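For reference, the structure is listed below as structure tokens.
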Amino acid sequence: MKRRHVLGGIAVVATGSTAALGTGAFSSMQADRSVAVEVAGDDNGFIAIRKAADAESDPGANSEAYVDTSGHTVALDFSSGNDAEDLGDGFNLNSVTRIHDLLEIQNQGTQSVFISVDLAGMGFVDPAGNNPWVGLAVKSGPTAESYKNENIVFNSLADNTWGGAVPDPRDDGPYELDVGERVNLDLTVDTTNVVAPIGLPEGSLAVIVNQDSDLKAP
């Protein structure tokens, strides 16, 4: 993976009068200090987003099929354009589909953060104006027997993105991810209120990292 490596400088400047700075005062000073900055892909960022492992392998079968990391940023593809062979063209109508161990998120920073996902960038509805309910549940790993958070997906533009088999994200709020902690995300898509096939637009899910526990857009 290519990374940009940028060197910059921090200029520290002090000015003032002799009375303000004491008998050893000076009129000005400048000292340059080097700064190293890298722009990393999703796998190596402070908040790493990567294909999840399952109980059999790393990455697991679901993440291999539906998660694309070839562009250094994670993309999900559940459409007929998916490069994986022998897969369907989308989620069934009037059904609840769960995909386990889709993504892994790891906190590679120096302080705990709250993680949530905003669905507002998707905007997919059927001809009657109905939208699927989408949820991402948090668990400690592929063999975990229970969820640490039932759903971290919300929609900052609407108040109708949960229902049916998808828990209300306001019940638990964002998930607090400790330093060094890694978790798996399971996807649920409930289409029981969708009456016609939907062509997914070119949209996005916004992964939000905050220092507070509110569900809100960045």
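Odds and ends about this structure:
- Of the residues making up region 108-130, those that are within 20 Å of LEU187 (Cα to Cα) and not in a loop (DSSP other than H, G, I, E, B) are PHE114, ILE115, SER116, VAL117, ASP118.
- Positions within region 163-207 being modelled with pLDDT of 90 or more, hydrophobic (A, V, I, L, M, F, W, C) and surrounded by fewer than 20 Cβ atoms within 10 Å (Cβ to Cβ), in sequence order: ALA165, VAL179, VAL207
- Against the list (1) surrounded by 13 or more Cβ atoms within 10 Å (Cβ to Cβ); (2) β-branched (Val, Ile, Thr); (3) closer than 22 Å to LYS51 by Cβ, the condition THR143 fails is (1).
- Pairs where the first residue, in region 41-61, is in the same structural domain as ILE105 (by TED's automatic domain parsing) and the second is assigned to a loop (DSSP other than H, G, I, E, B) and among the acidic types (Asp, Glu), C-beta under 7 Å, 6+ apart: ALA48/ASP42; ILE49/ASP42; ARG50/ASP42; ARG50/ASP43; GLY60/ASP54; ALA61/ASP54
- In region 178-193, the residues that are over 8 Å from GLN106 (Cα atoms), assigned to a strand (DSSP E or B) and not hydroxyl-bearing (Ser, Thr, Tyr): ASN184, LEU185, ASP186, LEU187, VAL189, ASP190
- Looking only at region 133-162, residues that are over 17 Å from the mean Cα position of the chain (by Cα) and at pLDDT 85 or above come to 7 in all.
The values are calculated or read from the model by the stated rules, or taken from the named source; none is laboratory data. In this text the structure is predicted, and so the values were computed from the model without any measurement. As a convention, Cβ positions derive from the backbone with ideal geometry for all residues, glycine included, and neighbour counts pool all protein chains shown.
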